[in-house]
Structures are given as C-alpha cells and as structure tokens.
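So the structure is just underneath, and the comments pick up after that.
Each value in this text was obtained by applying a stated rule to the coordinates, not by laboratory testing. These figures come from a predicted structure and were not determined experimentally. Using ideal geometry, Cβ is built from the backbone for each residue, glycine included, and neighbour counts are taken over all protein chains shown.
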Amino acid sequence: MRHWWALFVRVMSVLLFSLSVVSCANNLAPTSSLTQPPSQRIQHHIVSKGETLYSIAWRYGKDFKELAAINGVRSPYQIFPGQRLKLAGRVSYETVPTPTVPVKKAVSTAPTKRKTATSSAPKKISKTSISDSNKNDINWRWPAQGRVISKFQPNNPLRKGIDIAGKKGESVLAAADGTVIYAGSALRGYGKLLIIKHSEVFLSAYAHNHKLLVAEGAKVKVGQRIAEMGSSGTDRDMLHFEIRRNGQPVDPAVYLP
C-alpha cells in the first residue's frame, strides 16, 4: 500500500510541475518584442581629446569642408573637446549682405545711334574646361613596397582602402605632395594614423604605423618618409592606405601608377 501511495505522490508531483512550466511559457513575451529596436543614425558627435575636424570627417565619411560649413567652423578648422558637431544639416555660415551703392548713370550729349538687331549665337560650354575641372593633377606614387594583401571593396566598410604587407620599421612614404592634417591614434581601428591633404578634393591616409615621423601641419613631398610600418590597431605588420575624394573612399589602385 505504501508503495502505491508513494508512486501516486510522485506522479502527481510530475503533473503539477509540467502544468507550472506550461503556464510560465504562456506568460513569456512574444519574440517580436525581444528584438533590438531599429538603429538610429547618429546626428551629432561630441569632440574628444585628440580629435580634429579632419579626423571626425574621415570617421563618418564626410567631406571636411561640408562638415565645417554645417557647423560654422571656419579655416583653419579649430575645434575643442566637448564641442558638439552636427553631422548633417544646413550650412550655418552667417553671410553679411554687401551694401549696394547706387551708381549714377553718366548723361551723354552725343547723339544716340540706333542699334541694329543682331542674332547672337548662344555660348557653347567647353567640354575641355569641364574635364579639366575634374582632372586629377596629383602625382601619385605607391606609399610602401610590398604585396597587396587586401583590395578595396566599395560595399565593404572594412575594405575602404588597400593593405600592403611589410615588416616593422619599413618605410611608409607620402603618396603625393601635401600637408599633414592629422597625426595620432584617436580613430579607432586605424592605430597610429597619418592623414595628408593634397588638395581641396583629395586626402590620403596611412594607418597601423609603428612610429610617426611627421607632425600635424608639416609640408611633405611625394616619396618622403613619413612613418615606420607597424601593427598598431591590427594583428600583423602592414600599411593600410586609403584615398578619399570629397570625403568618400575611392579605389587607390585607380590612382596609383
């Protein structure tokens, strides 16, 4: 008798436990409510120590001139830690209208001549002038000797440039004449980084260096040794090289000889 009673108690315990599990499962939140909310585009950036307007524009893939204009920052584009920068919006430069001075028309005593109607042909836009305005006049050269181990991929955020293999301490060369506008390690994922401005359109970057040999503001010449190759921010010795045109990454292979 005791045996059957013990068996009955065990069976009832199992049934009660099963019912409690089912009840809890019915109270769980639906799967849709457990998903992450949709990501929102970042509208502002708070400047940290070591950042420049150029490095922030580089980080977000913006043209530095556009970012400066949106925030009313004039050349030489000085910003400070804690400053709040808008990443999109209208240009906030305050333009002061130039006063117009009325010009008195000179009264001519000479007899007026009747103008003959002439048909003036519309001015033609020179195709040469258009192509010249977009022409790349920069004398590019390879920034390092070595094998290309990673190529540019326009739709891959991790392949915004090319990676050139090498050894620690090997020379990193300026790919063209220009001015160093950033030298530091504030950009995550780039290690010790140099950014050079070659024109109002083109910038180039040299990442993962072991040692930087030039400072911000330095004028450099094409082929000049500007850094030593290293592995800062990565797991092997190499140079990550990028070219940006109006803030957007472009394939360096198109420009390098």
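Could you order peptides 160-167, 68-75 by the average number of other Cβ atoms within 10 Å of their residues, highest first?
Per-residue Cβ counts within 10 Å, averaged per peptide and sorted highest first, yield 160-167, 68-75.
With a cap of 13 neighbouring Cβ atoms within 10 Å, and only residues DSSP puts in a loop, list the trypsin sites (Lys or Arg not before Pro) found in region 181-257.
ARG188, LYS221, ARG236
Apply the Karplus parameterisation 6.51 cos²θ - 1.76 cosθ + 1.60, with θ equal to phi minus 60°, to every residue of region 223-237 and state each ³J(HN,Hα) to the nearest whole Hz, in sequence, with x for glycine and proline.
Going residue by residue, I get x, 6, 6, 10, 7, 10, 5, x, 9, 5, x, 8, 9, 8, 6 Hz, with x marking Gly and Pro.
Where a ≥ b ≥ c are the square roots of the eigenvalues of the C-alpha gyration tensor, would you call region 124-257 rounded, which needs a/c under 1.5, or, failing that, prolate if a/b is larger than b/c, or oblate?
Note, shape of region 124-257 comes out prolate.
Full-extension gain between GLU200 and ARG59, please, as 0.36 nm times their residue separation minus the C-alpha to C-alpha distance.
49.0 nm
May I ask you to derive the FRET efficiency for ASP177 and HIS44 from their Cβ-Cβ distance with R0 = 45 Å, giving the value to the nearest 0.05?
It comes to 0.80.
Calculate how large, on average over all directions, the projected area of the Cα convex hull of region 182-257 is; give the answer in nm² to one decimal.
Computing the convex hull of the Cα atoms and averaging its projections yields 5.2 nm².
How much length is gained if the chain between ALA215 and GLN78 is pulled fully straight, taking 0.36 nm per residue apart and subtracting their Cα-Cα distance, in nm to one decimal?
Here the segment from ALA215 to GLN78 would lengthen by 47.7 nm.
Give me a comma-separated list of calculated 3J(HN,Hα) values for region 78-88, in order, Karplus coefficients 6.51, -1.76, 1.60 applied at θ = phi - 60°, integers in Hz, x for any Gly or Pro.
Residue by residue, region 78-88 yields 7, 10, 9, x, x, 5, 9, 10, 7, 9, 7 Hz.
Given H placed on each backbone N at 1.01 Å, which residues far from ALA227 in sequence or on other chains put an amide H within less than 5 Å of it?
It is VAL172, LEU213, by chain and number.
Given R₀ = 22 Å, FRET efficiency for GLN153-GLN248 by Cβ-Cβ distance, to 0.05?
Calculated value: 0.95.
Take the alpha carbon atoms of region 237-254, find their center, do the same for region 203-217, and report the distance between the two centers in whole angstrom.
If you average the Cα positions of each part, the centres end up 14 Å apart.
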